[in-house]
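As structure tokens, the structure follows; a few thoughts come after it.
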Amino acid sequence: MSASLLERGRGLHEDLEVLERAMYRELGDPSAGKLKRADQNARDQVVATLLNAHQSRSAQLGALYADADGARKEELASMTQRSAEGSMAPVFTTFYNQLRSVREYHRKFPSAPSTESAETTLIAAVLEAAPEVGFTGEEAEGRYVDMHALHEAYLNLKGCERIDYCTYLKQCSHLAALPKTTATSGAYARYSRDLRDYLLGFLRRTQPLMPLNKLIEAAEADFEQRWQNGAVTRWQSSPPTEAAPAPAAVAASSATLDLGTYDSAAALEALGLEVLKHELTRRGLKCGGTLQQRAERLYLAKTTPLAAMPKIHLAKPTPPPAPHANGAASGSASDGSAAGLADGSDAAGTAAAARGARAVALLEELVARLGELLADVLEESAMMVEKKQARTYDEIERDLMLAAQEDAMEVDEDEDEDAEEKPIYNPLNLPLGWDGKPIPYWLYKLHGLNLEFKCEICGNYSYWGPRPFERHFQEWRHAYGMKCLGIPNSKPFQGITLIEDAYTLWAKHKAEKGTTAFQADTEEEFEDGSGNVMTRKVYTDLARQGLLD
């Protein structure tokens, strides 16, 4: 189906909004500050995957709006064009044509109804397409580094001090501290490259949101500027006065290589394969073999002149050029060609040595920068190694036991969370106990909770069990109902639930109270100033006549 460019743009905009909301949910969670290291790494990996998908779709949307081929502009024009008479007929024709193609496509390729939303489907597809990131057991989910293989490679470098793993972790990024004779070997270049790759990969796994590419580009630009200015003194300084000169200086001026300054073939091995090959070729000796064989062959030239050199070490002579009519001219041309080839070989060797030195220097610079970013992790790893080496057998067993208990607790917590999320199975609709689970059925029957009591005064509210029913007469609901009826909520009305019964009892109660009620006119007593006691009626009559003192 050839989707419309406008529809593609709308879909990309929708995908961007979905990805932005997903990243906000991951990073905007207030409980994110309480995550463990492993959970935080997993969250960052998810956010980095979503961010990469967001950037990819943003690039597609930018290319769509750039409209390099003008297809989007043509589509907009086809939707707004009018006929010569000014009618909108072409617009509707285009619309119905597109509608017909959409219907035809869905008729040929019907899609199954999806039970998930488009947002969930998109995020699931993005996360499933992301590469799986894992850690070794030594790395402990990104908390420590695992550089045992690199430590072994470091110990195999010739001229390096033999140190333990803990010390190596503390100074692994300080490559500039290694001897120059070691740094010029091919094994050192391979070791530096492997070290850079591991540190870079570890940073990408543990801190995927870090702008690592920009940091690397900035470091390379800074190194390039310092290299152009000749500020990389370790590789751009003048030829050293030590026993082993720098290969770049040797390649630049091979004639100045003095074999008298080397006391053994092992010292010549520090020059490297390329420099030895160039020097052997210049002296007319075979340039093949391993590094050790080349060094021994070149060291033999120190004490043995070329005429007395065994034929096994001599290079094969080059075939003479074809004869020409003018022999003198031919000889002159041959001499000029040989000189040109020699100069070209020297220049090529110099350029190759310079490129090799620059590559190794750049590796040292990048390893130093990456070591600064991972300084805390390297220090924690060294402390962890020291702690493990100092532990006794009992401490190791205790730590293993504690780790197993923590794992079991995490499993229990996960099970509890899963149990809380599941609905409670309660087919009999039993009341819940203190633990949030239904009480046993025998207890339910014992307390009579299967008996229902209704109170008309409370608005036909149902009370289950005799105890809640008896207690409700003193609660607010029943008291409010009695107040609405105009009847006091007193003890004689305890147990009355029908409104008619309440009115009947209240009328009877008022009638009984009327026979024994207090009569103010006849029973109320008054006393005058002389101390005479009389009823209220007599006192009122005498007061009207003015006969009271």
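Of Lys277/Lys316; Lys36/Lys387; Lys180/Lys302; Lys170/Lys388, which ones are farther than 18 Å apart at the Cα?
Lys36/Lys387; Lys180/Lys302
Any number yet on Rg/Rh for the range 85-202, C-alpha, Kirkwood?
1.47
Heavy-atom accessible area of Lys513 with all protein chains present, probe 1.4 Å, nearest 10 Å²?
Approximately 130 Å² for this residue.
With a/c under 1.5 counting as rounded, go ahead and sort the range 441-516 into rounded, prolate or oblate using the C-alpha gyration tensor (a ≥ b ≥ c being the square roots of the eigenvalues; past the cut-off, prolate if a/b is larger than b/c, else oblate).
Here the range 441-516 falls in the prolate category.
Please state the charge dipole magnitude for the range 441-516, taken about the Cα centre, from unit charges on C-beta atoms (+1 on K and R, -1 on D and E), reported in debye and rounded to the nearest 20.
The dipole of the range 441-516 has a size of about 180 debye.
Which of rounded, prolate or oblate describes the range 102-151 when judged by the alpha-carbon gyration tensor and an a/c cut-off of 1.5?
Judged from the Cα gyration tensor, the range 102-151 comes out prolate (a/c at least 1.5, a/b above b/c).
Checking the a/c ratio against 1.5 first, then a/b against b/c, what shape does the Cα gyration tensor give for the range 420-484?
prolate
The values are calculated or read from the model by the stated rules, or taken from the named source; none is laboratory data. Only a predicted model underlies this, so the values are computations on that prediction, with no experimental measurement involved. No Cβ is skipped: glycine too gets one built from the backbone with ideal geometry, and neighbour counts run over all protein chains shown. To get the accessible areas, we keep the full protein, side chains included, count just its heavy atoms, and leave off ligands, DNA and RNA. Shrake-Rupley method; radii C 1.70, N 1.55, O 1.52, S 1.80 Å.
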